[in-house]
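J.: Structure incoming, see below.
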Amino acid sequence: MSAHKFHVNSQNSKDLAGFVFCILVGTFDMHCLGGRVLKPELLDTLPPEEARASLADIVRINKHWGGLSTLRKLVDEAIPYDEAFTFLDVGAASGDMGRAVLEARPLAHVTNLDYIAAHLESCIGARVAADAFSLPFADGAFDYVFNSLFLHHFTGDQVAALLREFGRVARKQVLVIDLWRHPIPYYFMSLTQPLFGWQPVTVSDGQISVEAAFHASELCELAARAGLHDIRTRAYIPAFRIALSAQVQDCVER
């Protein structure tokens with residue numbers, strides 16, 4: 001059975017069980033076992049009313065499938081609980097991650113940034129539409145610069161450039177959450193679509209995103225290329241997320 005010919009049928013549990021078994025034992029050619037594969041995603045090309053439905057799916061995925069739990073662990077490890085801090089969320093989209101930071105850390109001041117202004121409609125806090133490669137902020141303008149499910153859209157050279165720019169704007173640390181390139185999250189969206197009713201764009205973009213995602217060692221290398229220091233990564237299961245924290249070079253002086 002080839003992966004691209006398999007279709008989920010909610011009435012056929014035997015086929016589903018057999019497919020899961022194939023994933024576990026690796027009996028056919030799997031996606032996401034090689035290097036990164038970048039393809040265009042559909043979400044950023046959609047008109048606002050169509051994009052909202054897929055953005056809502058992403059919020060559900062973050063809430064129930066590991067995005068927010070990974071964020072809580074990353075923030076708890078990187079930021080002292082009683083610290084008042086400024087926090088820039090790059091590629092914030094609907095702002096659910098920044099909202100979670102505000103709920104967990106009442107002393108935080110969150111700024112949401114996205115290239116597409118319409119994506120920021122439901123964000124809480126300051127909103128900025130701007131290019132992540134050229135952030136409209138002074139050096140060290142924020143204590144922490146964060147992004148979630150953002151870097152996998154870009155080539156390795158672009159990721160290094162983005163992390164370098166985030167390091168310029170961060171006074172203390174750059175924080176990253178992204179996907180782990182692995183067959184299980186790749187097939188998750190299509191297998192669970194009949195159960196959870198994901199939007200077709202969410203399923204398509206989800207698989208494209210996982211193929212473009214990282215291993216922890218790859219993110220660590222790109223952060224080092226960007227000139228960041230004390231780089232720490234951790235992979236989380238079953239979320240299949242990678243969290244990275246890194247110090248900026250001159251955080252003490254800033």
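No lab work stands behind these numbers, since they all come straight from the coordinates. Note that the coordinates shown come from a computational prediction; the quantities given were computed from them, not determined experimentally. All Cβ positions, even for glycine, are placed from backbone atoms using ideal geometry, and neighbour counts span all protein chains on display.
J.: Once the Cα gyration tensor of region 145-247 is diagonalised, what are the square roots of 5 times its eigenvalues, in whole Å and ordered largest first, as equivalent ellipsoid semi-axes?
T.: Value: 27, 13, 11 Å, ordered largest first.
J.: May I pose another question? Sort 237, 79, 231 so that the residue with the fewest other Cβ atoms within 10 Å of its own Cβ comes first and the one with the most comes last. List each step's numbers first, then the result.
T.: Values: 237 10, 79 22, 231 19.
Listed from fewest to most nearby Cβ atoms, that is 237, 231, 79.
J.: Note down the relative contact order for the chain as a percent, whole number, built from C-alpha pairs under 8 angstrom at least six residues apart.
T.: Numbers: 451 pairs, mean separation 54.3, N = 254.
Here the relative contact order equals 21 percent.
J.: Could you work out how far helix 216-225 tilts from the main Cα principal axis of the chain, as a 0 to 90 degree angle to the nearest 10?
T.: Tilt of helix 216-225: around 30 degrees.
J.: Based on other C-beta atoms within 10 Å, arrange 202, 111 from fewest to most. Intermediate results must be reported in sequence, preceding the final value.
T.: On the way: 202 24, 111 20.
Going from sparsest to densest Cβ surroundings: 111, 202.
J.: May I pose another question? Given a Förster distance of 30 angstrom, what is the FRET efficiency for residue 215 paired with residue 109, based on the Cβ-Cβ distance and rounded to 0.05?
T.: Working: r = 33 Å, r/R0 = 1.11.
Step by step, r from the Cβ atoms, then E = 0.35.
J.: Now for a separate question. Order 219-228, 113-122, 44-53 from most to least packed using the mean count of other Cβ atoms within 10 Å. Display every interim value, and only then the final one.
T.: Numbers: 219-228: 20.0, 113-122: 17.4, 44-53: 13.6.
Most protected by this proxy first, the peptides run 219-228, 113-122, 44-53.
J.: Give me the net charge for the shell around residue 199: Cβ to Cβ below 12 angstrom, other residues only, Lys and Arg +1, Asp and Glu -1. Could the numbers behind the result be given before it?
T.: Details: positive: 52, 60; negative: 50, 57, 205.
Around residue 199, the surrounding residues sum to -1.
J.: Just the number, please: percent antiparallel of the DSSP beta bridges in the chain, rounded to the nearest 5.
T.: Numbers: 13 of 34 bridges.
Within the chain, antiparallel bridges account for around 40 percent of the total.
J.: Which whole-number percent gives the relative contact order of region 142-254, counting Cα pairs below 8 Å spaced six or more residues apart? Before the final figure, lay out each step's value.
T.: Numbers: 188 pairs, mean separation 36.9, N = 113.
Once normalised by length, the contact order is 33 percent.
J.: With the chain treated as a Gaussian network of Cα nodes joined by springs under 10 Å, which of 138, 216, 93 yields the largest mean-square fluctuation?
T.: Result: 138 has the largest fluctuation of those listed.
J.: Relative contact order of region 74-180, please, whole-number percent, based on alpha carbon pairs below 8 angstrom and at least 6 residues apart.
T.: Relative contact order for region 74-180 comes out at 26 percent.
J.: Which of 210, 111, 123 sits farthest toward the positive end of the charge dipole of the chain, with +1 on the Cβ of Lys and Arg and -1 on the Cβ of Asp and Glu?
T.: Farthest along the dipole direction, towards plus: 210.
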